[in-house]
Amino acid sequence: MKAMRTVVNARTLAALVAAWGFGIAARGAETTAFALVKEGNRYVGEQAKDRVVQIRSEKSIGGLSPNIWFVVYYDPTATLKATEVKFAAGKMIDVKRPFRVLEPVTGGDTPLDRDKLKTDSDQAAKVALKEPLLEKLKVSATQLKLERVAEGVLGVSGPGEPVWKVKLWAAKLREPTRDADIGEVWVSAAEGKVIKTDLHIDRVD
């Protein structure tokens, strides 16, 4: 009887560990950009923590949620003032100091205003996907980038606003197994509203 309880307890423990591991993996695959900023703080120096200048993803695969992300921090100790942390499924896989030559000239190395970062990546994607032009299309993939737009681009003076640039792909009408780049939707990180659309739905023909 005691041996049986031991076996049952061992099996229960194994099941719990497996479920816990699966839960971590599932959450990692759906981790949002702002959550990755906090995670990325573990891998940069105190002088760079939370001083984000850009967040970007690779094109999503097998769904609409990107799995590969890059968080770029302003790092005054780096030669080109930046440290980049790369994530896959919510886990850090690389840390490097990227080659960013133009950004110091264009203002792209200035940390984003944290008070204006109110719209996370998942929310920005949802807002973009609600655009009326997309109603009859099967959107197959997304790619997101959060960065400061150049001064004057949106008719706003000053250093520029943080904006999510949501790039979209949709299935081709005649070849549904292939997709086409149909353009971008820009979403304000501060207000969570669409501020610019550049969609070309004719590309799915």
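The values are calculated or read from the model by the stated rules, or taken from the named source; none is laboratory data. None of these values were measured; they are calculated from a predicted model. Quick reminder, even Gly has a Cβ in these numbers, built from the backbone with ideal geometry, and neighbours come from all protein chains shown. When the accessible area is computed, the model is the full protein with side chains, heavy atoms only, and any ligands, DNA or RNA have been set aside. Shrake-Rupley method; radii C 1.70, N 1.55, O 1.52, S 1.80 Å.
Computed over neighbours whose Cβ is under 15 Å from that of Ala190, the net charge equals +1, Lys and Arg +1, Asp and Glu -1.
Ordering Ile68, Ile201 by accessible surface, largest first, gives Ile201, Ile68; the 1.4 Å probe counts only protein heavy atoms, with every chain in place.
What part of the accessible area of region 159-205, given as a whole %, is carbon or sulfur when the probe is 1.4 angstrom? Roughly 44 percent of what the probe reaches on region 159-205 is carbon or sulfur. Peptides 80-90, 134-144 ordered by packing proxy, namely the average of other Cβ atoms within 10 Å per residue, highest first: 80-90, 134-144. Between the beta carbons of Thr79 and Lys38, assuming R0 = 25 Å, the FRET efficiency works out to 0.45 to the nearest 0.05. Rounded to the nearest 0.05, what FRET efficiency do Thr177 and Asp50 give with R0 = 41 Å and r taken as the Cβ-Cβ distance? Could you check? FRET efficiency, Thr177 to Asp50: 0.45. Working from label points 7 Å from Cα in the Cα-to-Cβ sense, the Ala190 to Lys136 distance is 3.7 nm.
Pairs Lys96/Lys193; Lys86/Lys116; Lys118/Lys138; Lys86/Lys193; Lys118/Lys172: which are spaced more than 30 Å apart, C-alpha to C-alpha? The pairs that break the limit, which is 30 Å between Cα atoms, are Lys96/Lys193; Lys118/Lys172.
A simple count of charges around Tyr43, restricted to other residues whose Cβ falls under 14 Å of its Cβ and scoring Lys, Arg +1 and Asp, Glu -1, yields +2. Annotation: for a label point projected 7 angstrom from Cα along Cα→Cβ of His200, residues of region 38-64 with backbone N closer than 19 Å are 59.
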